1. Determine, for each peptide in A:218-231, B:107-120, the mean count of other beta carbons within 10 angstrom over its residues, then list the peptides with the highest first.
2. What ranking, highest mean first, results for peptides A:200-210, B:32-42, A:111-121, B:128-138 when packing means the other Cβ atoms within 10 Å averaged over each residue?
3. Select from A:Tyr93, A:Pro67, A:Leu191 the residue farthest towards the positive end of the dipole of chain A; place +1 on Cβ of Lys and Arg, -1 on Cβ of Asp and Glu, and compute about the Cα centre.
4. Given contacts defined as C-alpha pairs under 8 Å and at least six residues apart, what's the relative contact order of chain B, whole-number percent?
5. Explain nothing, just the number: dipole magnitude of the protein assembly as shown about its Cα centre with +1 on each Lys and Arg Cβ and -1 on each Asp and Glu Cβ, in debye rounded to the nearest 20.
6. What fraction of the DSSP beta bridges in the protein assembly as shown is antiparallel, stated in percent and rounded to the nearest 5?
7. Could you size up the charge dipole of the range A:12-84 around its Cα centre, putting +1 on the beta carbon of Lys and Arg and -1 on that of Asp and Glu, and report it in debye to the nearest 20?
8. Hey, got the dipole for chain B? About the Cα centre, +1 on K and R Cβ, -1 on D and E Cβ, debye to the nearest 20?
Amino acid sequence: MPLPAPQTNVRVVTLTIDGQQLSAREEETVIEVCRENKIPIPSLCWMEGLSVVGACRLCVVEVDGGPRLQAACATRVREGMSVQTNSDRLQRYRRTLVELLFAERNHVCSVCVSNGHCELQWLAQTCGVDHVRMPYRNTGYSVDSSHEMFRVDHNRCVLCTRCVRVCDEIEGAHTWDVMGRGSGCQVVTDLAKPWGESDSCTSCGKCVQVCPTGALVKQGTSVGEMVKDQQFLSILARRRSHR
Amino acid sequence: MSPDGSKGRTKVTVATTWLDGCSGCHMSFLDMDERLVDLADQIDIVYSPFVDAKALPEQVDLGILEGSISNDEDLHKAREFRARCKLLLSLGDCAVNGNVPAMRNPFKLDDVIERSYRDNVDLNPQIPTDGVPQLLATVRPVHGVVDVDIFVPGCPPQADAIHYVLTELIAGRTPDPGRVTRFGA
């Protein structure tokens, strides 16, 4: 949903996406135009109402037939630009990206609290991942259940950093951040203190709601019981944009 | 996969077995209920936990494997199925991605065995060695050890999904299981 623009002199550009002629406001990104026009592009780190990091690369598109792929979430529309969102090459790359996420940590859907309500699981199905071609890393990560209401299972984390951004940008607490590099990278609370001992956490639960997988969940949920509600984010973000 | 037309109506031969899993996928197969009667006209189950045959025939049209590769017997069976089946199908999440059996992988095998047979046992703890297959250090999906042609994820795949895949194969078409099932379904 577009943010309401207060100024009246909005400049409009026209562009082509998958052969469709479309018009958009010049400050919009390609993924926003695609979402408005029901053109499906998979995404994981992008979320309406949060800042853009362009980390997951699932929303890559081809622009003007060039060889360099661009993240639709981090690419502004331009007059006359031509975008391809679903070529064979893009489908191949997206499938590989999702497979790598599955190979990296433990994403056993059948025993996950988010089974049936998980964006990664849904992405696997829509990107045609019926098996993972690369060997699994089989590395164990920690689970922190110290918070009285929530739990973080790093085995399920895809490092999309939605939790980090929602906590900083919407709640204003900045409890979450990112630590380490490569396979040792993980989200942390308050300089890697146990979540339950965090001084900055307000227990608002926004991080849990925006988490796409079963990494951040409510305590006491069993397999398939963790249903998330992300409605609040676009409402809050739009109200704040008026201030 | 279509029956050989030259000899009239030849049935498609199917072999199934379970490796390291819970046999739930085979139960889901049975959940096809009355549709099994129609299927029985078109397929001949030549080797399976469902039937009495003790040996896998030399040549089979379709092999269906449930479960992951967790011990040396699983490995042997998977290789035998691959060698003798024209088409090999991984049925269910354990076969497709290792699933629950593979959750022991982050731990050392010795620690897993100690935990199961000594740490949690009150009376006469012992590690079984006679007549049981040797566990492998790493649990792998079936396609981690042999080539697999068709993947049907799900824990277990619904009977409708299995029915769709089988009827497509019998009709000589290539099924798209992603339409009807997914990881953890």
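1. In decreasing order of mean packing, A:218-231, B:107-120 become A:218-231, B:107-120.
2. Result, highest mean Cβ count within 10 Å first: A:111-121, A:200-210, B:32-42, B:128-138.
3. Comparing the listed Cα positions along the dipole, A:Pro67 ranks first.
4. Normalised by residue count, the contact order of chain B is 25 percent.
5. 1300 debye
6. Given both bridge residues lie in the protein assembly as shown, the antiparallel proportion sits at roughly 55 percent.
7. With only Lys, Arg, Asp and Glu charged at Cβ, the dipole is about 180 debye.
8. Taking the Cα centre of chain B as origin, the dipole is about 440 debye.
Rule-based calculations on the coordinates, nothing more; no lab input. All values reported here derive from a predicted model rather than from experimental measurement. In this analysis, Cβ positions are derived from the backbone assuming ideal geometry, glycine residues included, and neighbour counts consider all displayed protein chains.
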